[in-house]
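A quick write-up on the structure given underneath.
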Amino acid sequence: MATIHAALPDAFVVGTAGHIDHGKTSLVRALTGVELDRLPEEQRRGITIALGFTTLPLASGRIASFIDVPGHERLVRTMIAGASGVDAVVLCVSAVEGVMPQTREHLSILGLLGVRAGLIALTMADLVDEELLELALDDVRGAVAGTFLADAPVIPTSIHDGRGLDALRAALDALPLAPRPQGGPFRLPVDRVFVQRGFGAVVTGTALSGEVHEGDELRVLPEGETEGVKVRVRGVQVHGHKVSRSQAGQRTALNLSGVSQEQLGRGAVVIGAGVAPVSILDGTVRWLPEAEPLEEGARLRLLLATAEVMAVVEPYGEPIEGGEEGLAQLRLAEPVVALPGDRFILRRESPMITLGGGVVLDPWAPRARRRDHPEAIAALTRLQSGDTAVFLERAGPSGLPLAEATRRRLGHAPEHRLRPTAPSPRAGSRPTTRR
């Protein structure tokens with residue numbers, strides 16, 4: 001019988017990022033000894049298609065739990081699904097090719113998702129001379145200037161002669177990581193599903209909030225559904241260790257009873273009591289500098305954790321210009337599981353490019369009409385400052401009983417976002433700020 005560890009491992013989640021064929025999967029294999037391209041098509045074509053997962057024990061005793069993401073432009077949804085739960089990133093840039101389009105897009109997405117720690121691996125350093133290596137270093141430094149990786153170490157690496165691998169391990173071990181906020185209802189967006197003989201369905205993902213214990217009763221919500229399936233947790237693993245519980249920020253595998261593999265898949269969410277899917281979100285939207293202005297009624301793809309749905313986006317006030325941030329309402333074609341503080345990405349459907357992203361402020365927002373915009377701007381500005389009484393005030397018109405409104409809204413406000421209330425701006429004032 002497997003040993004159940006009493007304590008959770010001291011672990012953090014690190015994702016790879018970068019352009020296709022810039023050595024992400026090969027680097028993780030060199031660091032860990034694990035081949036992550038499992039699918040026959042991946043091995044035949046030599047590219048990553050699905051997310052890969054493995055762990056790397058570090059000298060300090062901590063564990064780096066890797067999520068390896070694809071670099072192809074057509075697989076950005078998969079990249080976002082993997083990157084949504086990471087604590088840090090290793091941005092891989094080929095010393096031969098330098099910074100490429102997916103390098104820049106991945107970097108933008110990581111910033112929009114709120115990733116704040118990481119390092120840069122300058123891969124294939126054995127294939128260039130010193131002069132070209134210096135040019136590649138300058139190229140990388142220029143690309144990350146002004147981003148969260150501006151001061152990150154850049155480490156030339158080679159999987160063939162081992163150059164930089166020890167330095168990379170040490171740099172990972174030294175990363176300053178903010179603690180994950182705890183509390184709230186349990187949520188685990190599913191990024192992988194498999195059936196283990198004798199055990200049944202197993203799902204994996206990064207827990208976004210709350211705790212789960214062996215024996216807990218939860219629900220699985222397939223993507224786009226509102227009711228879901230009741231399940232029981234038969235077993236829990238965290239970063240490859242069998243444990244009795246898991247919490248926010250941990251790479252978690254749950255052995256579930258009461259559900260079939262056909263009812264599971266990426267986009268599904270495992271949730272605890274008190275969580276319900278929603279179809280209208282109010283939040284902040286940060287628009288990338290190169291994007292055309294965000295106009296009223298824009299139809300975009302919203303990606304939140306492992307879910308992807310179409311959304312109609314309505315800026316509150318004036319259009320949001322490139323490089324600006326503003327307030328907006330997002331009306332979704334299908335319901336998703338979202339709570340205050342969740343981050344999302346917005347992409348154009350055709351051509352499929354990333355335009356911006358944002359943070360959920362109120363996932364239980366009433367549908368706003370144009371005449372409601374000044375009131376909504378004032379309410380959301382108060383929410384940004386931590387005034388959670390706004391949830392109760394906005395619940396009035398929806399007809400929710402006060403007790404239900406309190407449970408659903410104040411009970412889910414993340415503690416790390418609560419700050420003293422700041423004065424609201426004048427109703428109707430422009431809600432955007434130049435970045």
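The values are calculated or read from the model by the stated rules, or taken from the named source; none is laboratory data. Keep in mind that this is a model prediction, so the values were computed, not measured. Every residue, glycine as well, gets a Cβ built from its backbone with ideal geometry; the counts of neighbours run over all protein chains shown.
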Practice item. Scan region 84-108 residue by residue and report those that are closer than 12 Å to G15 by Cβ, surrounded by fewer than 24 Cβ atoms within 10 Å (Cβ to Cβ) and either modelled with pLDDT of 95 or more or in contact with a helix residue (DSSP H, G or I) (Cβ under 6 Å, 6 or more places away or on another chain) (or both). Key: A88
**Study point:** Condition broken by G228, with the remaining ones in (1) more than 29 Å from T32 (Cα to Cα); (2) surrounded by fewer than 16 Cβ atoms within 10 Å (Cβ to Cβ) satisfied
**Key:** (2)
Check your understanding: Would region 261-281 turn up any residue that is outside any loop (DSSP other than H, G, I, E, B), in contact with a Phe, Trp or Tyr (Cβ under 9 Å, 6 or more places away or on another chain), within 24 Å of E105 (Cβ to Cβ) and at pLDDT 90 or above?
Key -> yes
Practice item. Quick one: which residue in L112, L137 is touching a Gly at 6+ places or on another chain (Cβ under 7 Å), in the same structural domain as L27 (by TED's automatic domain parsing) and buried (at least 17 other Cβ atoms within 10 Å of the Cβ)? Key: L112
**Study point:** Long-range neighbours under 8 Å by Cβ, at least six apart or interchain, first residue within 14 Å of T206 (Cα to Cα) within region 231-246, second hydroxyl-bearing (S, T, Y) and outside any strand (DSSP E or B)
**Key:** V236/S244
Revision key, fill the gap. Selection from region 179-191 of residues surrounded by fewer than 19 Cβ atoms within 10 Å (Cβ to Cβ) and either closer than 30 Å to S94 by Cβ or charged (D, E, K, R) (or both) yields R180
Point to revise | Residue check for G200: at pLDDT 90 or above and not acidic (D, E) | key: no
Revision key, fill the gap. Residue hits (region 231-241; part of a strand (DSSP E or B) and surrounded by fewer than 16 Cβ atoms within 10 Å (Cβ to Cβ)) are R232
Revision key, fill the gap. Selection from region 1-54 of residues modelled with pLDDT under 90, polar (S, T, N, Q) and not in a helix (DSSP H, G or I) yields T3, T48, T54
Study note, to complete from the structure: Cβ pairs under 9 Å, 6+ apart or interchain, first in region 73-96 and within 21 Å of L168 (Cβ to Cβ) and assigned by TED's automatic domain parsing to the domain that holds L168, second among the basic types (K, R) and at pLDDT 85 or above, ordered by first then second residue, are D87/R116; A88/R116; V90/K24; C92/K24
Exercise for review: Would you be able to tell me the number of residues in region 238-293 that are among the small types (G, A, S), under 25 Å from V313 (Cβ atoms) and under 17 Å from the mean Cα position of the chain (by Cα)?
Suggested key: 3
Revision key, fill the gap. Scanning region 155-168 for residues that are in contact with a strand residue (DSSP E or B) (Cβ under 7 Å, 6 or more places away or on another chain), touching a residue at least 60 places away in the same chain (Cβ under 8 Å) and not in a strand (DSSP E or B) gives T157, L168
Exercise for review: Pick out, from region 340-435, the helices (runs of 4 or more DSSP H) lying fully within it that include 2 or more residues that are loosely packed, with under 13 Cβ neighbours inside 10 Å and modelled with pLDDT under 90.
Suggested key: 402-409
**Study point:** Of all residues making up region 55-72, the number that are at pLDDT 85 or above, farther than 13 Å from V34 by Cβ and either assigned by TED's automatic domain parsing to the domain that holds R347 or in contact with a His (Cβ under 8 Å, 6 or more places away or on another chain) (or both)
**Key:** 1
